[in-house]
Amino acid sequence: MSSKKTLKSSSSMAGNKGARASGGANNDACDLHIDVDLEGVRLPRLERIKVGDSLVVELRAEGQFPTVVCVDSEGEIVGALSAFLNLAQLIRCLRDGVNYQVGVTQIRPGGCHVVGTRVH
């Protein structure tokens, strides 16, 4: 099992927190902060993005399962958000019409890291 999928905090997980609810008195279940590496990155799209680019978070159907993807300004999938704490809540919020956006914070061969939250 990879360290990304475990719930224990370790130095190997630094900067790869998934999505977590932001603190505050409001306690809005859809006020999620996304901080994660994209999974299943599509290399041709990765070559077209740069640090600082914004990606829209969308819910797509892949067979019978919902998939949360990040799409670029051309509407093409860059990669997916998967296997992190609060993924099920993120899916519920997307189904309820809540919009999320992430920014690319790091690009490396074969992957990238994104950070973002809901868009008001």
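The values are calculated or read from the model by the stated rules, or taken from the named source; none is laboratory data. Remember, it's a predicted structure, so these values are computed and weren't measured experimentally. Methodologically, a virtual Cβ is constructed for each residue, glycine included, from the backbone with ideal geometry; neighbour enumeration extends over all protein chains shown.
Screening A83 on (1) touching a Cys at 6+ places or on another chain (Cβ under 6 Å); (2) on the phi > 0 side of the Ramachandran plot; (3) of a type outside the set (D, E) shows it passes everything except condition (1). Cβ-Cβ distances below 6 Å connect the following pairs, each with a first residue in region 28-47 that is within 23 Å of H120 (Cα to Cα) and assigned to a strand (DSSP E or B), a second residue that is of a type in the set (G, A, S) and at pLDDT 95 or above, and a separation of six or more residues or different chains: I34/G116. Looking at region 90-116, which of its residues are small (G, A, S), under 16 Å from G79 (Cα atoms) and not in a strand (DSSP E or B)? Result: G110, single match. Within region 77-107, track down each residue that is within 22 Å of R42 (Cα to Cα), at pLDDT 95 or above and loosely packed, with under 13 Cβ neighbours inside 10 Å. Answer for region 77-107, where residues must be within 22 Å of R42 (Cα to Cα), at pLDDT 95 or above and loosely packed, with under 13 Cβ neighbours inside 10 Å: just Q106. With the structure loaded, tell me whether R108 is over 19 Å from D37 (Cβ atoms), out of contact with any helix residue (DSSP H, G or I) (no Cβ under 7 Å at 6 or more places or on another chain) and of a type in the set (K, R) or whether it fails that test. No. Among the residues that make up region 62-71, is at least one of them part of a strand (DSSP E or B), touching a helix residue (DSSP H, G or I) at 6+ places or on another chain (Cβ under 8 Å) and surrounded by 13 or more Cβ atoms within 10 Å (Cβ to Cβ)? Checked region 62-71: at least one residue is part of a strand (DSSP E or B), touching a helix residue (DSSP H, G or I) at 6+ places or on another chain (Cβ under 8 Å) and surrounded by 13 or more Cβ atoms within 10 Å (Cβ to Cβ).
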